[in-house]
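Worksheet for the structure shown next.
The values are calculated or read from the model by the stated rules, or taken from the named source; none is laboratory data. Quick caveat: nothing in here was measured; it's all calculated off a predicted structure. Cβ: placed from backbone, ideal geometry, glycine included. Neighbour counts: every protein chain shown.
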Amino acid sequence: MNSCFRLFCLAALLTSFMTTANSQSIIKLYADRIPNEIAGPDEEKKAEDGIVRISNISRPTLTVYLPPKEKANGAAVVLCPGGGYGINAFKHEGTDVAEALNKAGIACFILKYRLPSDKIMKDKRIGPLQDAQQAMLLVRSRAKEFNVDPNKIGIAGFSAGGHLASTAGTHYKEVLVDNSAKVSARPDFMILLYPVISFSDSIGHIGSRTNLIGATPSASDVKLYSNELQITADTPPTFLMHAGDDNVVKVANSIHFYESLQRHNVPAELFIYPKGGHGFGLVNPTSPDRWLDRCLDWMRSNKWI
């Protein structure tokens with residue numbers, strides 16, 4: 001009897017592992033040569049001290065989190081963790097969020113994007129955007145395989161990942177990777193969480209700006225990557241969340257982006273906590289409110305879920 005019970009437990013454990021493995025897989029972002037790369041050794045590093053930090057990323061990937069088929073609603077999100085364009089904060093702004101989205105029936109694809117570096121990129125300004133665009137093309141072109149609706153694929157990002165997500169949502173007309181199949185790189189919606197938006201001297205996050213476009217950027221690059229200045233009537237509908245007391249990325253980033261969306265008649269929702277600071281991920285410890293619940297309501301009202 002004990003032997004049978006042990007066999008039953010082992011079988012259940014293996015079944016559970018297989019289910020997890022099937023719903024969480026890692027795929028290379030590029031099947032062949034990585035565009036814009038300077039070939040060299042893989043020097044990626046991972047540090048864990050309560051926050052998972054991945055640095056020196058030169059081999060971009062997508063970590064695929066798929067909800068159970070019976071729960072899936074067809075919506076998908078490409079998720080860009082933050083980290084000032086110096087790291088990817090991969091757990092609290094990545095895997096934790098993917099698991100929460102899966103519970104709501106939303107497929108999630110965590111983008112481990114290349115971090116801008118003259119050592120590994122011919123033009124470091126465009127490397128992260130190339131990866132975000134490639135992620136959008138890959139998910140949309142393989143939508144049937146992933147059980148998602150190709151017209152319900154959005155992009156989300158935290159902090160500097162929010163800058164990358166908003167760049168993907170405002171610079172999609174010029175595709176910087178191979179797109180011979182002519183797949184749309186435009187996200188259907190954006191979810192921007194305490195995002196870096198502007199590279200202006202007054203409200204920009206200078207660390208992110210320096211990492212992406214250099215310590216002494218040209219005025220044209222500052223303007224190009226200040227995404228509040230790049231909004232058009234075709235910019236995707238956007239949900240924004242920020243804390244008013246954020247002293248790392250000023251709340252004005254989200255406010256200015258929202259105001260520009262309004263001026264161009266782009267549907268948008270902005271939620272500002274009075275307190276919370278920066279980088280809290282899913283849960284603002286100063287409030288019982290959960291921004292993800294508000295975001296899901298926004299997605300329902302727009303019929304993405």
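For residues in region 60-74 being surrounded by 14 or more Cβ atoms within 10 Å (Cβ to Cβ) and in a loop (DSSP other than H, G, I, E, B), which is nearest to the chain's Cα centre (by Cα)? Working first, answer last.
Taking region 60-74 as the starting set, the residues that turn out to be surrounded by 14 or more Cβ atoms within 10 Å (Cβ to Cβ) are 60-67, 72-74.
Still in the running and in a loop (DSSP other than H, G, I, E, B): 60, 66-67, 72-74.
Numbers: PRO60: 13, LEU66: 16, PRO67: 18, ALA72: 20, ASN73: 20, GLY74: 18 Å.
It comes out as PRO60.
Within region 161-183, does at least one residue satisfy the condition of being touching a Cys at 6+ places or on another chain (Cβ under 9 Å), touching a residue at least 12 places away in the same chain (Cβ under 8 Å), farther than 22 Å from TYR65 by Cα and part of a helix (DSSP H, G or I)? If you could, list the steps in order and put the result at the bottom.
Residues of region 161-183 touching a Cys at 6+ places or on another chain (Cβ under 9 Å): 161-165, 168.
From the residues that got through so far, the ones that are touching a residue at least 12 places away in the same chain (Cβ under 8 Å) too are 161-165, 168.
Adding the requirement that they be farther than 22 Å from TYR65 by Cα leaves 163.
If we keep only those that are part of a helix (DSSP H, G or I) as well, we get 163.
Yes, there is a match, as at least one residue in region 161-183 is touching a Cys at 6+ places or on another chain (Cβ under 9 Å), touching a residue at least 12 places away in the same chain (Cβ under 8 Å), farther than 22 Å from TYR65 by Cα and part of a helix (DSSP H, G or I).
From GLY169, GLY127, grab the single residue that is crowded, with 24+ Cβ neighbours inside 10 Å, under 12 Å from the mean Cα position of the chain (by Cα) and modelled with pLDDT of 95 or more.
Values: GLY127 fails: under 12 Å from the mean Cα position of the chain (by Cα).
Unique residue meeting the criteria: GLY169.
Can you tell me which residue is surrounded by the most Cβ atoms within 10 Å (Cβ to Cβ) among those in region 258-305 that are among the small types (Gly, Ala, Ser) and either touching a helix residue (DSSP H, G or I) at 6+ places or on another chain (Cβ under 7 Å) or free of Cβ contacts under 8 Å to residues at least 24 places away in the same chain (or both)?
Taking region 258-305 and keeping what is among the small types (Gly, Ala, Ser), we get 260, 268, 276-277, 279, 281, 287, 301.
Subset that is either touching a helix residue (DSSP H, G or I) at 6+ places or on another chain (Cβ under 7 Å) or free of Cβ contacts under 8 Å to residues at least 24 places away in the same chain (or both): 260, 268, 281, 287, 301.
Details: SER260: 20, ALA268: 22, GLY281: 19, SER287: 14, SER301: 11.
Per the stated criteria, the residue is ALA268.
Could you check region 193-204 and list, in sequence order, the residues that are surrounded by 24 or more Cβ atoms within 10 Å (Cβ to Cβ) and not hydrophobic (A, V, I, L, M, F, W, C)?
Looking only at region 193-204, we keep the residues that are surrounded by 24 or more Cβ atoms within 10 Å (Cβ to Cβ), and these are 193-199.
Across region 193-204, the qualifying residues are TYR194, PRO195, SER198.
In the list HIS256, HIS278, HIS242, which residue meets the criterion of being in a helix (DSSP H, G or I), out of contact with any Leu (no Cβ under 7 Å at 6 or more places or on another chain) and under 18 Å from SER198 (Cα atoms)? Show your work before the answer.
Values: HIS278 fails: in a helix (DSSP H, G or I); HIS242 fails: in a helix (DSSP H, G or I).
Matching residue, one of HIS256, HIS278, HIS242: HIS256.
So, VAL78, is that one of a type outside the set (S, T, N, Q), surrounded by fewer than 21 Cβ atoms within 10 Å (Cβ to Cβ), in contact with a Phe, Trp or Tyr (Cβ under 7 Å, 6 or more places away or on another chain) and at pLDDT 95 or above or not?
Details: of a type outside the set (S, T, N, Q): yes; surrounded by fewer than 21 Cβ atoms within 10 Å (Cβ to Cβ): no; in contact with a Phe, Trp or Tyr (Cβ under 7 Å, 6 or more places away or on another chain): yes; at pLDDT 95 or above: yes.
When the stated conditions are applied, VAL78 does not pass them.
Which one is surrounded by the most Cβ atoms within 10 Å (Cβ to Cβ), of the residues in region 22-59 that are free of Cβ contacts under 8 Å to residues at least 40 places away in the same chain and small (Gly, Ala, Ser)?
It comes out as SER25.
Yes/no per residue for (1) in contact with a Leu (Cβ under 7 Å, 6 or more places away or on another chain); (2) part of a helix (DSSP H, G or I); (3) of a type in the set (S, T, N, Q); (4) closer than 15 Å to ALA168 by Cα:
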site	(1), (2), (3), (4)
GLY86	yes, no, no, no
GLY94	yes, yes, no, no
VAL97	yes, yes, no, no
ASP118	no, no, no, no
ASP131	yes, yes, no, yes
